[in-house]
Amino acid sequence: MRSSVVGAAAEFHRRPARGPASEARIAQAFRRDVRARAPEQLPIFRSRLQGELLARLLLGPGREASMLDLAVMLRTDLASVMREVERLSRAGVLAPRRTLAGRLVSRDERSPLYEPLARLVMLTFGPAAVVAEEFGRLPSVREVHLFGPWAARYAGVPGDWPRDVEILVIGGLRADAAFDASQEAAARLGLPVHPLVRTWAQWQDDTDPFLREIRADHLHTVIASTRPG
């Protein structure tokens, strides 16, 4: 983060002296980090990469990931992932572990930062934000809502992190387009995304028992209709 407890804690610890070549590499990496734009979702994060990395590790079921796996998942280079993991580990947010196969990292649920930070990450880089980006690109989409456990978490209902994301898509969307968008969202989140597609007429029809059940439970709007009802 830029001006935050996590950022301050991560930068507090100084490294031991290194040789000129090593110092040059560090300086180059530092300049690259400074140039990275803060994400529009919440500019207190150092970069979009940091926010998406935190979302991958703090949200959903607890999991360990290797540095290489994270780089592939986040579609970035290994060095950038290693720098972010090192900062967040020094801040006590992530818990690295060395194995014969290499370094693995998971979230540190004992950290006092874990719960408030996970809530913040959910609101800025979580399923709602990712689904809105992926389905918002499709002109035939009229509304998108999260339902089920993730909608309950966004409503502040306590509970375990859900293992998948259930979304209701309203509009004239083809099945293959919905599948492609949900696969992109799932790849970014590291969680399965299940789209339920209904036309506007079907959504307005109050006789469908399944839609009535969805309406009666928590519903978190991701994309709201801009058209008159």
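The values are calculated or read from the model by the stated rules, or taken from the named source; none is laboratory data. These figures come from a predicted structure and were not determined experimentally. Because the Cβ atoms are built from the backbone with ideal geometry, glycine has one as well, and the counts that use them run over all protein chains shown. Note: accessible area is taken over every heavy atom of the protein model, side chains too, but ligands, DNA and RNA are not part of it. Shrake-Rupley method; radii C 1.70, N 1.55, O 1.52, S 1.80 Å.
Which condition number in (1) exposed (fewer than 13 other Cβ atoms within 10 Å of the Cβ); (2) charged (D, E, K, R); (3) farther than 30 Å from residue 94 by Cα is the one that residue 115 fails?
Evaluating residue 115 over (1) exposed (fewer than 13 other Cβ atoms within 10 Å of the Cβ); (2) charged (D, E, K, R); (3) farther than 30 Å from residue 94 by Cα leaves (3) as the failure.
Quick check: anything in the range 133-143 under 18 Å from residue 213 (Cβ atoms) and over 12 Å from the mean Cα position of the chain (by Cα)?
Checked against the condition, which is being under 18 Å from residue 213 (Cβ atoms) and over 12 Å from the mean Cα position of the chain (by Cα), the range 133-143 yields at least one hit.
Please find, within the range 183-204, the residue that is nearest to residue 55 (Cα to Cα) out of those that are open to solvent by 70 Å² or more (accessible area, probe 1.4 Å) and outside any strand (DSSP E or B).
Within the range 183-204, the first condition is being open to solvent by 70 Å² or more (accessible area, probe 1.4 Å), and the residues that meet it are 183-184, 194, 201-202, 204.
In the following step, the residues that additionally are outside any strand (DSSP E or B) were identified as 183-184, 201-202, 204.
Working: 183: 17, 184: 15, 201: 35, 202: 34, 204: 34 Å.
Ranking the qualifying residues of the range 183-204, first place goes to 184.
Check whether at least one residue in the range 35-58 is of a type in the set (Ser, Thr, Tyr) and modelled with pLDDT of 90 or more, and report yes or no.
There is no residue in the range 35-58 that is of a type in the set (Ser, Thr, Tyr) and modelled with pLDDT of 90 or more.
If you check every pair at least six apart or on different chains, which have Cβ atoms under 7 Å apart with a residue in the range 93-105 that is free of Cβ contacts under 8 Å to residues at least 12 places away in the same chain first and a residue that is of a type in the set (Val, Ile, Thr) and open to solvent by less than 50 Å² (accessible area, probe 1.4 Å) second?
Correct list of pairs: 96/85; 96/105.
Hey, among the residues in the range 39-64 that are basic (Lys, Arg) and part of a helix (DSSP H, G or I), which one's least open to solvent (accessible area, probe 1.4 Å)?
Per the criteria, the residue is 56.
Any residue in the range 216-227 that is modelled with pLDDT under 90, open to solvent by less than 70 Å² (accessible area, probe 1.4 Å), more than 20 Å from residue 148 (Cβ to Cβ) and part of a loop (DSSP other than H, G, I, E, B)? Reasoning before the result, please.
Restricting attention to the range 216-227, the residues satisfying the condition of being modelled with pLDDT under 90 are 225-227.
Still in the running and open to solvent by less than 70 Å² (accessible area, probe 1.4 Å): 225.
If we keep only those that are more than 20 Å from residue 148 (Cβ to Cβ) as well, we get 225.
If we keep only those that are part of a loop (DSSP other than H, G, I, E, B) as well, we get 225.
Yes, the range 216-227 contains a residue that is modelled with pLDDT under 90, open to solvent by less than 70 Å² (accessible area, probe 1.4 Å), more than 20 Å from residue 148 (Cβ to Cβ) and part of a loop (DSSP other than H, G, I, E, B).
Checking the condition open to solvent by 50 Å² or more (accessible area, probe 1.4 Å) and at pLDDT 95 or above, which residue from 160, 180, 176 passes? Break it down stepwise before answering.
Numbers: 160 fails: at pLDDT 95 or above; 176 fails: at pLDDT 95 or above.
None of the others qualify; the one that does is 180.
Determine the pairs where a residue that is farther than 17 Å from residue 192 by Cα, located within the range 144-157, has a partner that is part of a strand (DSSP E or B) with Cβ atoms under 7 Å apart, the partner being 6 or more residues away or on another chain.
What qualifies is 154/146; 154/220; 155/220.
What residue, of 78, 68, is over 26 Å from residue 165 (Cα atoms), open to solvent by 40 Å² or more (accessible area, probe 1.4 Å) and modelled with pLDDT of 90 or more? I'd like the intermediate steps shown before the answer.
Details: 68 fails: over 26 Å from residue 165 (Cα atoms).
Checking each option against the conditions leaves just 78.
Name the one entry in 97, 107, 83 that is farther than 23 Å from residue 163 by Cα, touching a helix residue (DSSP H, G or I) at 6+ places or on another chain (Cβ under 7 Å) and open to solvent by 10 Å² or more (accessible area, probe 1.4 Å).
The conditions single out 83.
Under the condition of being in contact with a Leu (Cβ under 9 Å, 6 or more places away or on another chain) and among the small types (Gly, Ala, Ser), which residue from the range 115-151 is farthest from residue 180 (Cα to Cα)?
The selected residue is 118.
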